[in-house]
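The structure under discussion appears below in the form of structure tokens.
Any read-out appearing in this document is the output of simple, stated calculations on the displayed coordinates, not a laboratory observation. What you see is a predicted model, and the numbers here were worked out from it, not measured in a lab. Glycine also receives a Cβ, built like all others from the backbone with ideal geometry; neighbour counts cover every protein chain displayed.
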Amino acid sequence: MYSEKVLDHFQNPRNVGEIENPDGVGQAGNPKCGDIMKIYLRVENDVITDIRFKTFGCASAIASSSMATELVKGKTVEEAWNLTNKAVAEALDGLPPVKMHCSVLAEEAIHAAINNYRRNRGLPVWEEESHDELVDHHAHHHG
Amino acid sequence: MYSEKVLDHFQNPRNVGEIENPDGVGQAGNPKCGDIMKIYLRVENDVITDIRFKTFGCASAIASSSMATELVKGKTVEEAWNLTNKAVAEALDGLPPVKMHCSVLAEEAIHAAINNYRRNRGLPVWEEESHDELVDHHAHHHG
Amino acid sequence: MSRQVYLDYAATTFTAPEVVSAMTPYFTESFGNPSSIYSFSERNRKAIDAARQKVADVLGATKEEIYFTSGGTEADNWALKGAAWRNRSKGNHVITTKIEHHAVLHTAQFLQENGFDVTFLDVDAEGRISLDDLKKAVTGKTVLVSVMFANNEIGTLQPVAEIGAFCREKGILFHTDAVQATAHVPIDVKAMNIDLLSLSAHKFYGPKGVGALYVRKGVRIDNFMHGGGQERGRRATTENVAGIVGLGAAIELTSGRMKTASARIGGLRDLLVEGVMKTIPHAKLNGAPSGERLPNNANFSFIGIEGETLLLDLDGAGIYGSTGSACSSGSLDPSHVLMAIGLSHEQAHGSLRLTLGEETTEEDIRYVLSTLPGIVKHRREMSPLWEDYLKSIEGGR
Amino acid sequence: MSRQVYLDYAATTFTAPEVVSAMTPYFTESFGNPSSIYSFSERNRKAIDAARQKVADVLGATKEEIYFTSGGTEADNWALKGAAWRNRSKGNHVITTKIEHHAVLHTAQFLQENGFDVTFLDVDAEGRISLDDLKKAVTGKTVLVSVMFANNEIGTLQPVAEIGAFCREKGILFHTDAVQATAHVPIDVKAMNIDLLSLSAHKFYGPKGVGALYVRKGVRIDNFMHGGGQERGRRATTENVAGIVGLGAAIELTSGRMKTASARIGGLRDLLVEGVMKTIPHAKLNGAPSGERLPNNANFSFIGIEGETLLLDLDGAGIYGSTGSACSSGSLDPSHVLMAIGLSHEQAHGSLRLTLGEETTEEDIRYVLSTLPGIVKHRREMSPLWEDYLKSIEGGR
Ligand SMILES: Cc1ncc(COP(=O)(O)O)c(C=O)c1O
Ligand SMILES: Cc1ncc(COP(=O)(O)O)c(C=O)c1O
């Protein structure tokens, strides 16, 4: 059901942990849906020099967190903002349809962390898009 | 599904055939239900000295005819009249419930032949009982 | 042991040894629940997927359109009830035929008891519906047409492609019970415009207790088996992995040899029919001519004899055939199919179906031809109906 | 190959080798349609009869009260829909529980969509309904009560005898889904006043795709599978002979060793539970205490971890368990059972069910106990919820 890449990032997640006194921190998801993702940022000269995550969630949530952190590390804040959930899923060689919302979560958590960073810096926050079409978490999957 | 006796009387039916110029002849059943039984009697001094049958029908119809003729052969007409379908079925070591009507058919065919004999002799006919409870031939057996 | 000739392949086939071999690992070794996410069940998920693909290939469908069931009956129940229920706001009229298998017929009656109007189309003397009748029967409320692909008693093939084209044009769902036809005659659900199709493994050398329903992409019908999310949420119950694998192996095996099997078996069937018609007086062949019926099906009426009698006498000679459909052997009703093609009660009661298959040989057929005439003669001699019949035709001369 | 520890016997069992052997002759040798009257099918008819008797013996029923189905789901569908439909002129109220398997739950929802009122009873923290609640829920229109014998996720046994006595007194039909309980704990349908009972072979070392419904003599429910006259006119479709034989062999085998198996497996389960509770901080055992739950069931919540993560990590270590019920593994909903016993979403999402069986050994359990704590620790360390939880309990001190 999962690609090799998903399994790899699930079993050996990169950038796990916290950053003390982070420049930005953000969280997405809620326990009702079974996943929460928390992202810590270290930003130097508008570049993300370090990023860490903690995730409660299924394998694809953990893999998405891991991959998303890899993808934005070393990027400018603006580049990081433009990371889409699709890019995360593609970098993982795809996610099962029912798990696509995990990649959305990663995008949202990064957005939340970046806006937190901007707020900390006194910058106006950027507008977050909604991904409602993918997060029908509580629809019944049974007949 | 069938007893040894039923199979024996089906495979080697006794008293098959016709009697020329019979003293009595009677028929029961109809092609719609898939069985017709015809009984020929030779009666001497009120005793059934010969009896023959022809039957169109399933194995139990043929076995019932055969057994019934065996049971009444050599009996008085009155004794023959009193032969019940139950006695026929019992003599065959039982019939499947769904086939009980075949024994009824034998009783009815003998009754018809006896009344025909009585009519031929100018005697009043005896009253035949109905067995409606057993002849719901066309009820649906499927759910 | 004396000769045994099984001629009831339409009732059920043996499970081919290679099919049993394919199934075996899924009982004791690879037994995991396919819905479980661990690697241990991976082989089972793949095996089900492969079986689904095999079914799809044979029907000209895609594997997403195949749903496994517990047999032909469940597929028929699901198709009819599911389509009717789903569309009841659109209309409450269903059209089917008088010669369907009881799995369709009794389901249609269930619909009648639950607010649906059902038209049961007549058939001609060979067992075929008329397209004109169908067209006339359609009303603005018709939501489903169900016509079997091939009849289980007399083998007659229906004009499925024409029915499909007409229904598609009218926007009416078309279901076909292809339980007897699948893997035995060519089927192409796309070319034939079939929306729903039922099949059952034990009619093509697969195991009993497993079948499938094809549901064309985009067609939505209500669920029949409610429960877990198996079969993509459309048919609940823990997957019968071994059975599904067996179905897949069997459909591949049987359809793979369809052409040669049809030619060989059809040839033997023709030999049987010719032999019977030549050696048994006043025999009648029921159904359509060779080419318009299933290659393995022969169905006769022998006036004057009741079917069960024939079966038991044949049984005594080691020949296994059937009268009417197998499942109604316990019944006293004459076959509804034979009545629908216009037989008298006498003829309908005196029918014999012999259906051939993989292990049928020419010697088998010759053995039947050497045995059956004597049995028919013997039983006719003790039949008052035969006597009457002879008199009636003498009188007619 | 590295160690493999299957601990998902509640999802499905392997088919016991002796059961497979019992089934084998019915594929290729004795394959006749049991509804056919010829001698060739005699062995099949007898085999089905013998299997029916075995089921009846285990339940304390008579064989005329046993009807074979395609599994637990079909038995549940049939029981609920058949009883409700049959009695809809008497009343349209059905009572069941919040912790039923989806086969009952979704069928009950289907009834709701079709004019029935359904009450879903709450359960206590151990997963048991209260008789008082049941009594209060009954109205003059209640025609059916359906309460499972033992829960598939947490193993809790219900007060079935009390429910049965109450329903019998009230003249209300009582159905119990005994899919998890049959052949594992003692059942007596007469003493327990059960009217309808569902079971499924693949939960007691029989094949998948076959089950049975017990219908007490005199109880009439509508048919669910319409078609031929099989199962005495009450459940259509060509009999799955091999499957039915397998069910019979399996129920005899498994119930025959029930006592010794329960003791052995229950002991191992207790060892597992004790070990987990001792070595993993803040672990929670879900369900009732040993003795009031299925002997083979253990269900834990590990706050801070999501279930799928656990399953995959365990899978990596060769341990196969489940979270929630197997069939909902594809789902994102937390288990409805765990929610019903009052768990928070976090706890419900972090549950692990380990169910033991015939091949489970003490080494297996020790292996789990040596593996699981590390996995839990590792995943908790990367969980923001665990962090929050630790803070919350520190704060609480
Ligand atoms: C035409 C037809 N439809 C449906 C069925 C039912 O199939 P099954 O017995 O697999 O349920 C059969 C055979 O019994 C059949 O011949
Ligand atoms: C309690 C319960 N009921 C019903 C079922 C459904 O049984 P089956 O999968 O055989 O249809 C299961 C298992 O899946 C179960 O555990």
Practice item. Please identify, among D:GLN180, D:GLN347, D:GLN112, the residue showing maximal mean-square fluctuation in a Gaussian network model of chain D using a 10 angstrom Cα cutoff. Key: D:GLN112
Point to revise | Over the protein assembly as shown: helical MRE at 222 nm, DSSP H runs n ≥ 4 each giving -39500 (n - 2.57), nearest 500 | key: -12500 deg cm²/dmol
Study note, to complete from the structure: The relative contact order of the range C:244-380, taking Cα pairs under 8 Å that sit 6 or more residues apart, comes to a percentage of 30 percent
Check your understanding: Using the Karplus equation 6.51 cos²θ - 1.76 cosθ + 1.60 (θ = phi - 60°), what ³J(HN,Hα) coupling, rounded to whole Hz, does each residue of the range D:254-271 give in order, writing x for Gly and Pro?
Key -> 6, 6, x, 10, 3, 5, 5, 5, 4, 5, 5, 5, x, x, 5, 4, 4, 4
Review point. At C:ASN114, label 7 Å along Cα→Cβ: distances to the other copies, nm, ascending?
Key: 0.4
Review point. Which far-off residues, 5 or more places away or on another chain, put their amide H under 5 Å from the one on D:ALA181, with H placed in the peptide plane?
Key: D:ALA150
Practice item. Distances from D:PRO289 to the same position in the other copies: list them in nm, one decimal, shortest first, using label points 7 Å from Cα along Cα→Cβ. Key: 8.4
**Study point:** Order of D:LEU247, D:LEU294 under a 10 Å beta carbon neighbour criterion, fewest first
**Key:** D:LEU294, D:LEU247
Review point. What residues qualify as long-range amide H neighbours of D:THR119, i.e. H under 5 Å apart, gap of 5 or more or another chain, H built at 1.01 Å from N?
Key: D:VAL94, D:ILE95, D:THR96
Check your understanding: DSSP loop GluC sites (Glu not before Pro) in the range C:1-87 with at most 12 other Cβ atoms within 10 Å of their Cβ, which ones?
Key -> C:GLU29
Point to revise | Rounded D (µm²/s) - the protein assembly as shown, Kirkwood Rh over Cα pairs, Stokes-Einstein at 25 °C, 0.890 mPa s | key: 77 µm²/s
Review point. Percentage of Cα-Cα pair distances in chain B greater than 25 Å, rounded to whole percent?
Key: 22 percent
Exercise for review: Counting other Cβ atoms within 10 Å, keep those with at most 12, restrict to DSSP loop, and tell me which trypsin sites (Lys or Arg not before Pro) in the range D:1-48 are left.
Suggested key: D:ARG3
Exercise for review: Please get the size of the charge dipole for chain D, origin at its Cα centre, with Cβ charges of +1 on Lys and Arg and -1 on Asp and Glu, quoted in debye to the nearest 20.
Suggested key: 1120 debye
Exercise for review: Report the residue, chosen from D:ARG52, D:ARG234, D:ARG128, that carries the largest GNM mean-square fluctuation when chain D is represented by alpha-carbon nodes joined by springs under 10 Å.
Suggested key: D:ARG234
Review point. Placing a label point 7 Å from Cα toward Cβ, how far apart in nm is D:LYS190 from its equivalents in the other copies, listed shortest first to one decimal?
Key: 6.1
Revision key, fill the gap. Once both label points are put 7 Å beyond Cα along the C-beta direction, the A:ASN12-C:GLU18 separation in nm becomes 4.4 nm
Review point. In whole angstrom, how far apart do the alpha carbon centroids of the range D:206-224 and the range D:78-122 sit?
Key: 17 Å
Point to revise | Modelled FRET efficiency - R0 60 Å, D:GLU381 with C:ASN114, Cβ distances, 0.05 increments | key: 0.55
Study note, to complete from the structure: Correct response: the longest run of chain B lacking exposed GluC sites (Glu not before Pro), defined by DSSP loop and at most 12 other Cβ within 10 Å, is B:21-126
Point to revise | Sites C:ALA125 and B:THR76, calculated FRET efficiency, Cβ-Cβ separation with R0 35 Å, nearest 0.05 | key: 0.10
**Study point:** Relative contact order %, chain C, counting alpha carbon pairs below 8 Å whose residues are six or more apart
**Key:** 22 percent
Check your understanding: Gaussian network model of chain D, Cα springs within a sub-10 Å range: biggest mean-square fluctuation belongs to which of D:LEU80, D:LEU272, D:LEU352?
Key -> D:LEU272
Revision key, fill the gap. Two pseudo-spin positions, 7 Å from Cα along C-beta at D:LYS278 and at A:GLU20, lie apart in nanometres by 3.8 nm
Check your understanding: When chain C is turned about an axis onto chain D, which of its residues keeps its C-beta closest to that axis, and how many Å is it?
Key -> C:SER70, 2
